[in-house]
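Below is one structure, written out as structure tokens, with a few remarks after it.
Every number here is computed from the coordinates shown, using simple stated rules; none is lab data. Here the structure is a predicted model, which means the values were calculated and not measured. Methodologically, a virtual Cβ is constructed for each residue, glycine included, from the backbone with ideal geometry; neighbour enumeration extends over all protein chains shown.
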Amino acid sequence: MPIDVELARQDTAGCAGVTHLNNAGASLPPRQVVDAVVDHLRLEERSGGYEAAAAAAGRIEHTYDALAELIGAGRHEIALHENATRAWDMAFYGLRWQPGDRILTSRSEYASNAIAYLQTADRYGVQVELVPDDEHGQVSVPALRELVDERVKLIGITHVPTQGGLVNPAAEIGAVARAAGAVYLLDACQSIGQLPVDVREIGCDLLTAPGRKYLRGPRGTGFLYCSERLLDTLEPPFLDLSSASWTGPDSYRVRDDARRFESWESSLAGRIGLGVAVDYALGLGLPAIEARVTALAAGLRERLLALPGVTLHDRGTRQCGIVSFTVAGHDSAALVPELRAQRINVSAALLGSARWDLAERGLESLLRASVHYYNTEEELDRLCAALPAPLPG
Ligand SMILES: Cc1ncc(COP(=O)(O)O)c(C=O)c1O
């Protein structure tokens with residue numbers, strides 16, 4: 001079923017006030033999500049936080065089921081976190097390293113992941129190696145195949161980079177990881193909610209994503225998928241009284257499921273809102289969302305190409321809803337507040353968020369317009385009309 005855009009916009013209060021093309025930053029949430037969050041906060045206000053949690057236990061638990069359905073996992077393979085980076089950290093820092101172990105990653109890896117790899121290299125004498133891009137700018141699967149050996153402990157890939165519209169060939173990478181016996185950690189921050197993502201099809205062992213981006217969930221939410229296969233081999237870097245139980249004066253027992261990576265205290269309103277956001281996406285259907293988002297993004301690329309002085313920077317054979325570009329003579333970061341003043345929301349990807357990729361391409365920064373299914377063709381025209389004329393040099 002194609003998306004009923006009018007209905008989606010009616011559900012989205014923000015559509016009335018802004019042209020929101022920063023969905024890869026944080027999407028506008030639908031009223032169902034906002035209501036669920038506010039309702040729970042009101043319940044806490046009226047009855048007390050712990051008592052509200054008890055009353056809402058079913059809704060809190062539902063979030064695990066919803067996320068499991070979204071990515072084709074079991075509910076026991078889902079852990080909830082306050083953002084995607086902490087979810088990623090809980091998995092990554094749970095691996096045990098020996099000097100000489102190798103990490104293979106992509107040029108387009110996100111800054112926080114890259115920093116964690118580098119810290120781990122410093123601590124344990126692990127080697128961090130970049131898999132070359134292919135001629136389309138995405139991870140080269142043949143090059144990855146050449147690089148793997150028994151010392152490769154981890155293949156860490158970003159599915160859709162923060163700085164552009166390409167979709168890395170996640171399932172092909174999964175096949176290589178499985179054959180090599182390496183752990184495969186997929187950063188799906190920018191793909192969850194805009195593309196169908198199935199962990200069994202992709203063959204990843206670990207996957208992380210936030211709620212606020214394409215899923216349209218509340219800020220301060222994220223999750224980790226840890227495959228059953230890996231649960232016992234990964235040691236949670238932190239434990240508390242919910243991820244483990246204190247069984248005797250000198251003993252403790254770690255939980256059996258992925259919640260061994262969680263911490264006890266969290267925003268339960270946020271967790272409930274995340275579940276509602278996932279239900280909303282599942283109700284529309286991920287294939288329908290992808291079809292609408294990629295068509296809008298392709299339309300935006302076409303419009304931008306026709307503008308003088310605009311250069312598109314998206315690569316990859318499969319592209320998604322993120323459109324990256326520069327306007328000649330203009331600093332991308334400076335254009336963001338200028339457009340915001342006209343109630344057009346975009347963002348900039350800066351060198352420091354994706355250095356391995358942007359430095360290689362000689363780019364200091366990019367403008368990023370990321371569309372969602374509730375955007376319209378008129379909004380794309382508005383953005384194009386608001387862009388400044390190119391300046392020399
Ligand atoms: C590819 C990628 N990975 C990780 C993150 C970090 O997510 P969070 O801010 O929820 O920790 C981002 C955020 O922009 C991202 O684009």
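What to note about this one:
- Across the stretch 185-202, the residues whose backbone nitrogen lies under 17 Å from the label position 7 Å along the beta-carbon direction of Tyr124 are 185-186.
- Projected-area mean, the stretch 32-283, by convex hull of Cα positions, square nanometres: 14.2 nm²
- Taking a point 7 Å from the Cα of Glu364 along the Cα-to-Cβ direction, none of the residues of the stretch 275-309 has its backbone N closer than 17 Å to it.
- Counting Lys and Arg as +1 and Asp and Glu as -1 over every other residue whose Cβ lies under 15 Å from the Cβ of Arg75, the net charge comes to -3.
- For the stretch 245-393, alpha-carbon Rg and Dmax in angstrom: 21.3, 72
- Efficiency of FRET from Cβ geometry, Leu282 and Ala54, R₀ 25 Å, rounded to 0.05: 0.40
- Among beta bridges that DSSP assigns inside the chain, antiparallel share in %, nearest 5: 55 percent
- Full extension of the segment from Glu135 to Asp4, taken as 0.36 nm per residue of separation minus the current Cα-Cα distance, would add 43.4 nm.
- As a calculated quantity, the FRET efficiency between Ala341 and Arg42 at R0 = 30 Å, using C-beta atoms, amounts to about 0.30.
- About its Cα centre, the chain has a charge dipole of approximately 420 debye under the convention of +1 per Lys or Arg Cβ and -1 per Asp or Glu Cβ, with nothing else charged.
- Most fluctuating residue given options Ser106, Ser47, Ser365, as computed from a GNM of the chain linking Cα atoms under 10 Å: Ser47
- Two-site FRET efficiency, Thr317 against Arg31, from Cβ-Cβ distance with R₀ of 35 Å, rounded to 0.05: 0.40
- Remark: the stretch 51-61, residue by residue, has Karplus-estimated 3J(HN,Hα) of 5, 5, 4, 5, 5, 9, 3, x, 5, 5, 5 Hz, where x stands for each Gly or Pro and the curve is 6.51 cos²θ - 1.76 cosθ + 1.60 at θ = phi - 60°.
- Summarising the label geometry, the points placed 7 Å from Cα in the beta-carbon direction at Ala334 and Ser245 lie 6.2 nm from one another.
- Considering only Asn22, Ala79, Ala52, and ranking their Cα positions along the charge dipole of the chain that arises from unit charges at the beta-carbon of Lys, Arg, Asp and Glu, the one farthest toward the positive end is Asn22.
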